[in-house]
């Protein structure tokens, strides 16, 4: 199996070396050190990083993505969802909805306070 340098993985996946180091620190990918000290990755890392980026793009967190480790080397986007994957996505959606509700409530209180103070009719 060939080894790929960090810059090449970043370019092939549309990400940055910094993001790759972050994914590695999170335990989602692994690297080895070449004799010159550079990080090198297995060729499978490109597929894995694309899958990580796909899962992040749909709204999951790195913690959520860890649950998908067993299938990150396959076709995550094209595979039928597992019960665990659906549960993780539903939990993340519920958390996002809770955050949106809290933000909306905060915005409404601020908007009301501005109106009461004779300020602008709203922030929009």
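The values are calculated or read from the model by the stated rules, or taken from the named source; none is laboratory data. The structure presented is a predicted model; accordingly, all values stated were derived computationally and were not measured. FYI the Cβ positions are ideal-geometry reconstructions off the backbone, even for glycines, and counts take in every protein chain you see.
Worth pointing out:
- Yes/no for residue 40 being modelled with pLDDT under 95, at negative phi, surrounded by 12 or more Cβ atoms within 10 Å (Cβ to Cβ) and in contact with a helix residue (DSSP H, G or I) (Cβ under 6 Å, 6 or more places away or on another chain): no
- Among the residues listed as 42, 2, the single one being touching a strand residue (DSSP E or B) at 6+ places or on another chain (Cβ under 9 Å), in contact (Cβ under 8 Å) with a residue 24 or more places away in the chain and over 28 Å from residue 82 (Cα atoms): 2
- Residue among 53, 48 that is touching a residue at least 40 places away in the same chain (Cβ under 8 Å), under 17 Å from residue 7 (Cα atoms) and not in a loop (DSSP other than H, G, I, E, B): 53
- Count of the range 56-83 residues which are in a helix (DSSP H, G or I) and either surrounded by 11 or more Cβ atoms within 10 Å (Cβ to Cβ) or touching a helix residue (DSSP H, G or I) at 6+ places or on another chain (Cβ under 6 Å) (or both): 7
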